[in-house]
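Notes to accompany the following structure.
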Amino acid sequence: MNQTPLYNLHLKYKAHMREFSGWQMPIYYTGIIAEHKAVRQKAGLFDISHMVRLKIEGIGASDLVQRLTTNDVSVLKTGDIQYSLVCNQEGNILDDILVFSLDDGYLLVVNAGNKQTVLSWFKKWAGQAEVKDISNQMSMAAIQGPISQIILQKLIDINLSSIKYYHFTQEKIAGITGFISRTGYTGEDGFELCFASEKAKTLWLALLSAGKDYGLQPIGLGARDTLRLEAALPLYGHELSTQINPFEAGLERFVKLDKGDFLGRRSLIEVKKVGINRKLVGFEMIDRGIPRAGYTVSKDGKHIGQVTSGSFSPTLDKNIGMGYVGTGYTHEGCEFEIEIRGKSTGARVVKTPFYKKSGEGGKKEEY
């Protein structure tokens, strides 16, 4: 089982550890609901070192990333970040990734469970470009929440307000050189940091010290999941998989069919022409019960779909979920039933995201 450089610190802070995509990760420290509310109200610190970092450089690096991702990397300038999808030839999703545009190539942030799939895929089509797995050399942390900028600013010389959403810069954080990006997976304003692995403990402790008087606390993957669900952000293995295409997932704005050829383009053009039979929706429960991934969705006794994610929402104080249903049942206000422990329980389609942070630096309509 893999361990991040912060593993011993997680134990010191009494984290409840569990396996996640081959890693021993903190699920919670004090409790999922308390940690969730801390991020919404103040700020939280996440270890996200389990995420994969791939460096793409050399001759043909731009052509490779352009060919294997659905978004258009030709529009990127150094310091820009792009959300994108990696699809197979059938147009189904191998992973959703972040693309960092560097002076000398690209840094891709890939989901932990898809490391071998994406790494092998890029190497297969690499040509003269170099594809390097630098995950062991670099670690990642995220500080998220409405006062995250105030806390991080104490350790940074530059004005953090100058970093726009989905942009990054390379600076020293508490004397440690690293990437600072205005990105996150919580629906709150915040930053993700990428730095040398041997500096992980030093930086983690410096961040907690800087945030001590502001209520900053370490946050586990449990709250990360409920936070991303409230923001209606997809999770690979739930909302995304090799059985799902971007149009079904509602991610068509990240598919640039007019940018030129890329793997999966022909299939996606056909999908757009023919249309889809199902689509991802968000819903809230009318009756009591928490929807869980895999639960059946029905309408008047007819099977129409399946839940992909569901939980109690600490912010909204209601049970919410996402799932794929037939396209005739995706309109806002549509009611259907979810089978929870053998009982048919009512649910209603609602507009997503369930929770949206407004204001400068907050979660915008696109990510």
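The values are calculated or read from the model by the stated rules, or taken from the named source; none is laboratory data. Predicted model only: the values in this text are computed from it and were never measured. When we count neighbours, we look across all protein chains shown, and the Cβ atoms used for this are built from the backbone with ideal geometry, even at glycine.
Data for the structure
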item: Qualifying residues in segment 145-160 (those that are at negative phi and in contact (Cβ under 8 Å) with a residue 60 or more places away in the chain) - the one surrounded by the most Cβ atoms within 10 Å (Cβ to Cβ); result: SER148
item: Positions within segment 106-144 being in contact (Cβ under 8 Å) with a residue 24 or more places away in the chain, among the small types (Gly, Ala, Ser) and on the phi < 0 side of the Ramachandran plot, in sequence order; result: ALA112, GLY113, ALA126, ALA129, SER135, SER139, ALA141, ALA142
item: Any hit, segment 351-367, residues being modelled with pLDDT under 95, under 21 Å from GLY237 (Cβ atoms) and not basic (Lys, Arg); result: yes
item: Selection within segment 171-182 - surrounded by fewer than 16 Cβ atoms within 10 Å (Cβ to Cβ) and farther than 10 Å from PHE195 by Cα; result: GLY175
item: Meets criteria (over 20 Å from GLN144 (Cβ atoms) and without any contact (Cβ under 8 Å) to a residue 12 or more places away in the chain) for ASP213; result: no
item: Some residue of segment 251-267 being part of a loop (DSSP other than H, G, I, E, B), acidic (Asp, Glu) and farther than 24 Å from ASP95 by Cα; result: no
item: Count of segment 221-235 residues which are more than 12 Å from GLU188 (Cβ to Cβ) and of a type outside the set (A, V, I, L, M); result: 4
item: Counted residues, segment 23-48 - those being over 12 Å from LEU221 (Cα atoms) and buried (at least 24 other Cβ atoms within 10 Å of the Cβ); result: 2
item: Criterion (assigned by TED's automatic domain parsing to the domain that holds ALA126, at pLDDT 95 or above and out of contact with any Phe, Trp or Tyr (no Cβ under 9 Å at 6 or more places or on another chain)) met by exactly one of VAL86, VAL75; result: VAL75
item: Long-range neighbours under 8 Å by Cβ, at least six apart or interchain, first residue closer than 14 Å to PHE122 by Cα and modelled with pLDDT of 95 or more within segment 45-62, second in a loop (DSSP other than H, G, I, E, B) and of a type in the set (Val, Ile, Thr); result: ARG53/ILE134; LEU54/ILE134; LYS55/ILE134
